[in-house]
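Reviewing the structure listed below.
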Protein chains: 2
Amino acid sequence: MRFTDFDKTESFKTLSALAEKGKNFNYTEELTSDRVKSLLADVGGGLTYSYAAKPVCDKTLAALQELAREQELIAKYQAILDGETMNTGENRKVLHHLLRGQLGKDVVFEGKNLGDFYKKELERFSAFADAVHAGKIVGSTGKRFTTAVQIGIGGSDLGPRALYIALENWAKTEKKQKMEAKFISNVDPDDASAVLASVPLEQTVFILVSKSGTTQETLANELFVKEKLQKAGLDLSKHIVAMTSETSPLAHNPAYLDAFYMDDFIGGRYSSASGVGGVILSLAFGADVFKRLLKGAHEADKLSLEPDVRKNAALLDALIGVWERNFLHFPYTAVLPYSQALARFPAHLQQLDMESNGKSVNRAGEPLNYSTGPVVFGEPGTNGQHSFYQLLHQGTDIVPLQFIGFAESQRGDDVTVDGSGSQTKLKANLAAQIAAFAKGKQDANLNKNFKGCRPSSLIFGKRLTPEALGALLSHFENKVMFQGLVWNLNSFDQEGVQLGKVLTKKVLAGNSGDPALEAYAALLGV
Amino acid sequence: MRFTDFDKTESFKTLSALAEKGKNFNYTEELTSDRVKSLLADVGGGLTYSYAAKPVCDKTLAALQELAREQELIAKYQAILDGETMNTGENRKVLHHLLRGQLGKDVVFEGKNLGDFYKKELERFSAFADAVHAGKIVGSTGKRFTTAVQIGIGGSDLGPRALYIALENWAKTEKKQKMEAKFISNVDPDDASAVLASVPLEQTVFILVSKSGTTQETLANELFVKEKLQKAGLDLSKHIVAMTSETSPLAHNPAYLDAFYMDDFIGGRYSSASGVGGVILSLAFGADVFKRLLKGAHEADKLSLEPDVRKNAALLDALIGVWERNFLHFPYTAVLPYSQALARFPAHLQQLDMESNGKSVNRAGEPLNYSTGPVVFGEPGTNGQHSFYQLLHQGTDIVPLQFIGFAESQRGDDVTVDGSGSQTKLKANLAAQIAAFAKGKQDANLNKNFKGCRPSSLIFGKRLTPEALGALLSHFENKVMFQGLVWNLNSFDQEGVQLGKVLTKKVLAGNSGDPALEAYAALLGV
């Protein structure tokens, strides 16, 4: 494998030459019914990716196909699957795909088969969840657990929380909800205090999630929880399980009811399919539901190995994103799920994308001369339509859009007004927005004029099930991975979070050495 | 008053000439402790605006002062306060300031003093809330109301919801919480269905919020609620109040328990301080709490009349934002509250800003040749630090940051770990981030290098009280207003939301006339 900066590739030149064509893409002429019906790719999990409303023609797609070949994207993905050290900065493997199934060689590290290790941990926490549901594991007063509270931040919070919210209504409808789940993340003491005041402590099991066991916020919140448990006369060791690495101080520690393990090859933002998401989702919905999510993700992972870009949704989505970022120069992208269940999914993708590809150096630590990861934001539709869509339609800048939608609701509870149900209205709004953004509408009154030419993609499926959700998760993980590989950067480290941590410790110790920083601390009453 | 496009002003030239200076602003040298202590402006409500970490020098500030003079920003704000028709596109006054107190002439429309009208409605819904709390108004089975559910979308949802979440923990701590509040907004039927399954219908009062009484989502959700109430054998007319304009079909309608009124001079995204936010906040926390919020907002509105930009926080924040948008060319801005209570405040500001200033034409409907409103996004700190801050620190583009923080938590419940409480850690993180973003840190390993030069502002205060929250709300409303006036656009209409509505209706009627749009509808199973 060769690792080449994007602007040193032949494809960069080819795409640069096509840029004008992309900028002048005529959506009104090009976006035909045939195009909508044919520009589709299978995502997995019953989902389909539609890219008809993207400014790409056969020439662009051919150039993107050539880019995939030239940057050896599939070979590099296969190298990740085979356990090569692709997180170069931290000298680590990248194994979140292995959590959901094996698509490469056996990955062995220090004599341990890691696929087996992950499977074993999956079975361990599945059995734990089963035992809790069966009342075989109970709280220190002998009462059954009804509530699970995750203590974690970043990847230990956003992904699991987004997935829990995404499946909560589905699970209630399918009679799969077994326990309520809540989350404590922020070091703001109001977060832990409010959550703890809202749960029945005696019947609550806490999941303490920190790979290193040293995360400042999580340790502070652990003590918060411990003090409340103690005050309630409960035995700490019967109410907290740890989800951590085997080398952390939380591991093999009798202070906890149990512990489940991951390792350094699972990055925080890629850990939703490990015990980081798995313990709480298995407790909330049952291990079978979590395994269905893994199945959907694995299916999407497998499809991501397809070399033909037109048949590989994650790869194509990635390449079109690069096209928009580096040649059409759009600095952001919005994620717009037409599904209330995906309310926090954009926040998870915001982390996944911005923490992975918000980098300025290549894998070798050399400066890059082109734009990398965009700003990602979003809210569910139709809510967003009544909020920030004004700018998306008529603002001075173009924001590429990523829509998500489903034929059926999760709860199947609906009402008919003016001849249509709410779910139908939701979908009609989504279809209408795609057309409105692409084609606009001319009006002599410029205040009512819509320029159109706003590109969008759509991922759609029948219903947001665990399989669909797993595939959706994988789609975006693999999209971000492929983009990082095009940009020749390391999507798996996050050195940009370190400086703030170091300075915070100095402020707390009173030795920052920077009078300006001390002055800010004084303004805030530190 | 003259209305001039920004690029036709003398100030535009002056600021263009200063742009290089701004781009090369030396944060490490300039950001001294003295600067931090002196570049402060009073926001109102006990809050202070700090702009020390913004790339402005005396010359820039002088040019921004001159811009304020040249574009007559204070005079135009006064014209708004005096009830002139400043929403030109819709031929309407702009009176959201008048809801919280009078700062201009009496505003009379069709013989009605509107200040008196707003005050009367405030007292009417205050009395309604008092009567509900006193058990004088009860549900149709005679039981007391314990829960209030708002049915509304966009401005009828985001602002009130953000404010409710912002005060919930404060209210619980101060023994002010009187009822629980929930919100139904999305036309996705899962939204209404899930909320309705989670409330005690018999003891729930619904607030139906739609100025026109014709919002598709809100009418669908109203029927959703009515069907559930009927099924539960409850009398609809005892469980729903309307918050609408007097000309809407919801007004003076015996089908509702009561109705409270606003008018066309209060735009949706500016309506939080009207009954749109007021009814539900008064029910949840008591009318006295809502009035304290109005007091804080009024105080900030008054301070926004100050002509000296250094003493007018909202004006200065607006002008620095213009400086960053049009001369330093940053296309986005992040809102980062270090307060879990402000979890949904960025979503409200996203609407406020992007729907107000995401425009491409001036007040006269002529095209603009400069960038207007930026993309706004954000999540609370420290959560965001473990998510998208990687890109903010080390991405290829610069995102200006707007921090918010408080000396004290709302609940006063804290825990000490490693010698400091969580609230202290929260504040230390905030101070550290400002310094890290501004000054960065050189490292020979470019992967660990921080370029710095990331500008930020900070709004800080003692505690997030109703007064502080009201001032915060007003600060951003007035900031957005001043920016719209600089850009010579109409911040108070939203024509960009119309096309999607029109096309949706056509899709539902099966007559869109666009085969591509029909094809999208078919993919989604419409």
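The values are calculated or read from the model by the stated rules, or taken from the named source; none is laboratory data. Nothing here was measured: the structure is a model prediction, and the numbers come from that model. Cβ atoms come from the backbone with ideal geometry, glycine included; neighbour counts cover every protein chain shown. Surface accessibility is based on the protein's heavy atoms, side chains included, excluding ligands, DNA and RNA. Shrake-Rupley method; radii C 1.70, N 1.55, O 1.52, S 1.80 Å.
Descriptive notes on the structure:
- Partner chain coverage, peptide B:211-221 - average Cβ within 10 angstrom: 3
- All C-alpha pair distances within the range B:408-526, sorted into 10 Å bins from zero, spread as 10, 18, 19, 19, 21, 13, 1 percent across the bins.
- With a 10 Å cut-off around each Cβ of B:457-465, the average count of Cβ atoms from other chains is 1.
- The distance linking the range B:75-145 with the range B:150-229 is 21 Å (Cα centroid to Cα centroid, whole angstrom).
- By DSSP, the beta bridges lying fully in chain A are antiparallel in about 30 percent of cases.
- Cα gyration tensor shape for the range B:51-135, rounded if a/c is under 1.5, else prolate or oblate: oblate
- Loop-located chymotrypsin sites (Phe, Trp or Tyr not before Pro) in the range B:1-74, at most 16 other Cβ atoms within 10 Å (DSSP): B:PHE3
- Take every Cα pair under 8 Å whose residues are at least 6 apart in sequence, average their separation, divide by the length of chain A, and the relative contact order is 21 percent.
- With label points set 7 Å from Cα along Cα→Cβ, the inter-copy distances at A:SER16 are 2.8 nm, sorted shortest first.
- A simple count of charges around A:LEU485, restricted to other residues whose Cβ falls under 9 Å of its Cβ and scoring Lys, Arg +1 and Asp, Glu -1, yields 0.
- Per residue solvent-accessible surface (Å²) - the range B:4-145, probe of 1.4 Å: 44 Å²
- Dipole-positive endmost among B:GLY373, B:GLY484, B:GLN390 within chain B (Cβ charges, Cα centre): B:GLN390
- Between B:GLU366 and B:GLU29, the simple label model (points 7 Å from Cα in the Cβ direction) yields a spacing of 4.2 nm.
- Take each residue of peptide B:392-402, count the partner chain Cβ atoms within 10 Å of its Cβ, and average: the result is 6.
- Calculated Rg and Dmax of the range B:248-382 using C-alpha coordinates, Å: 18.2, 56
- For B:SER339, the residues 5 or more places off, or on other chains, whose built amide H falls under 5 Å of its own are B:GLY381.
- The range A:271-340: Rg to Rh, with Rh as the Kirkwood radius over Cα pairs: 1.11
- Loop-located trypsin sites (Lys or Arg not before Pro) across the range B:158-260 with a Cβ neighbour count of 11 or fewer within 10 Å are B:LYS175, with loop assigned by DSSP.
- Fraction of beta bridges assigned by DSSP in the protein assembly as shown that are antiparallel (%, nearest 5): 30 percent
- Annotation for B:ASP106 and A:ARG144: the two label points, set 7 Å from Cα along the Cα-Cβ direction, are 6.8 nm apart.
- Spin-label model, B:GLU20/B:ARG2: points 7 Å from Cα along the beta carbon direction are separated by 2.9 nm.
- Chain B: projected area of the alpha-carbon convex hull, averaged over directions, in nm²: 27.2 nm²
- For the range A:231-302: rounded, prolate or oblate by the Cα gyration tensor [a/c cutoff 1.5]: oblate
- Helix B:275-285 axis, angle to chain B major axis (alpha carbon atoms, nearest 10°): 80 degrees
- Across the copies of the chain, B:LYS112 has label points (7 Å from Cα along Cα→Cβ) spaced 7.2 nm apart, shortest distance listed first.
- Accessible surface buried once A binds B (1.4 Å probe; total of both sides; Å²): 11100 Å²
- Global geometry of the protein assembly as shown, whether rounded, prolate or oblate, following the gyration tensor of its Cα atoms and the 1.5 cut on a/c: rounded
- Ranking A:GLN423, A:VAL361, A:GLY470 by how far each Cα lies toward the positive end of the dipole of the range A:350-477 (charges on Cβ) leaves A:GLN423 at the top.
- Closest approach to the axis carrying A onto B, counted by Cβ on chain A and given in whole Å with its residue, is A:PHE377, 2.
- DSSP bridge orientation in the range A:359-462 - percent antiparallel, rounded to nearest 5: 40 percent
- Carbon/sulfur fraction of accessible area - chain A, other protein chains in place, 1.4 Å, %: 49 percent
- Counting from the shortest, the label point at A:LYS231, 7 Å from Cα toward Cβ, is 4.1 nm from the same position in each remaining copy.
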